[in-house]
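**Q** Would you mind keeping the following structure in view while I ask a few things?
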Amino acid sequence: ETGKGCRIAYVEQEPFTDINSEEILVGDALFGVTENMQQQQTGRVKTAFEAVQEYKKALLSIETNPDALTEASTAMDNIANAWTVLAKADETMQKLGVKQLENQPVCKLSGGEKKRVALAS
């Protein structure tokens, strides 16, 4: 039984075991941006969550594809609540004490840090 406004979630004992790349940062993992996604073409965005994923992905490739960031920013502007989703994620990271880890590779985190990041995602 849960209280009003409470959610129950399952967090794996060893979260992020499928992420080994040093290029995948905590901030990207929170939005589900993985190495495979970084290599995909920018697609049509449908939800605020997808817009944030595209935006984060575009930030990773800004040096090689600056137009992608412009397109992703425009998508964020055009989709209701997209910037709010990004702001809420930042707030959640701050509350769980993982904001300072945002630019760290997931593979370099301790077990406890990985669990906090998994809770934030």
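**Q** Any lysines with Cα under 18 Å of the Lys56 Cα? List them, leaving off those in the same chain fewer than 8 positions away.
**A** Lys46, Lys88, Lys99
**Q** So, one more: Give the ranking of Phe49, Phe31 by solvent-accessible surface, highest area first, calculated with a 1.4 Å probe.
**A** Largest accessible area first, the residues go Phe49, Phe31.
**Q** Now a separate question. So what are the ³J(HN,Hα) numbers for the stretch 106-121, from phi and the Karplus equation (6.51, -1.76, 1.60; θ = phi - 60°), rounded to whole Hz, Gly and Pro as x?
**A** 4, 5, 9, 7, 6, x, x, 5, 4, 5, 5, 5, 4, 5, 5, 7
The values are calculated or read from the model by the stated rules, or taken from the named source; none is laboratory data. On a predicted model such as this, the values are computed, not experimentally measured, just so you know. Ligands, DNA and RNA are excluded from the accessible area calculation, which covers all protein heavy atoms including side chains. Shrake-Rupley method; radii C 1.70, N 1.55, O 1.52, S 1.80 Å.
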